[in-house]
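In what follows, a single structure is set out as structure tokens and then discussed.
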Amino acid sequence: MNTSHNPPSISGSQPGNGTSAIRPPTYAEPLWDPNEVAAFLKIPKKTLQKWRSENTGPPWRRYGKHVRYEPHLVREWLSNQ
């Protein structure tokens, strides 16, 4: 039984065999969806959509069909405005 609190590796490689395990990224806080970013910035969600299409605004990523923002990058972007 595995009592470790570490998530399993994606690659399936074993420690000590010369390859490193690939792990999914870990974040200090959950990613924000566009609704949360719009609420944080106090702007309409459509403004975020426009910024994404113009490659402006806070940095974002697409995970499949979902758009997500890293909160610390949104705050950093805002502080530089």
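Computed from the C-beta positions of HIS72 and ASN35, the FRET efficiency with R₀ = 22 Å rounds to 0.75. Note that the range 42-81 presents 75 Å² accessible area per residue, ligands and nucleic acids not counted, probe 1.4 Å.
By a 1.4 Å probe calculation restricted to protein chains, TRP60 has an accessible surface near 80 Å², given to the nearest 10. For GLU36, the accessible area of its heavy atoms, probed at 1.4 Å with every protein chain present, is near 90 square angstrom.
The values are calculated or read from the model by the stated rules, or taken from the named source; none is laboratory data. If you're wondering where the values come from, they're calculated on a predicted model, not measured in any experiment. Glycine gets a Cβ as well: all are built from the backbone with ideal geometry, and neighbour counts include every protein chain shown. When the accessible area is computed, the model is the full protein with side chains, heavy atoms only, and any ligands, DNA or RNA have been set aside. Shrake-Rupley method; radii C 1.70, N 1.55, O 1.52, S 1.80 Å.
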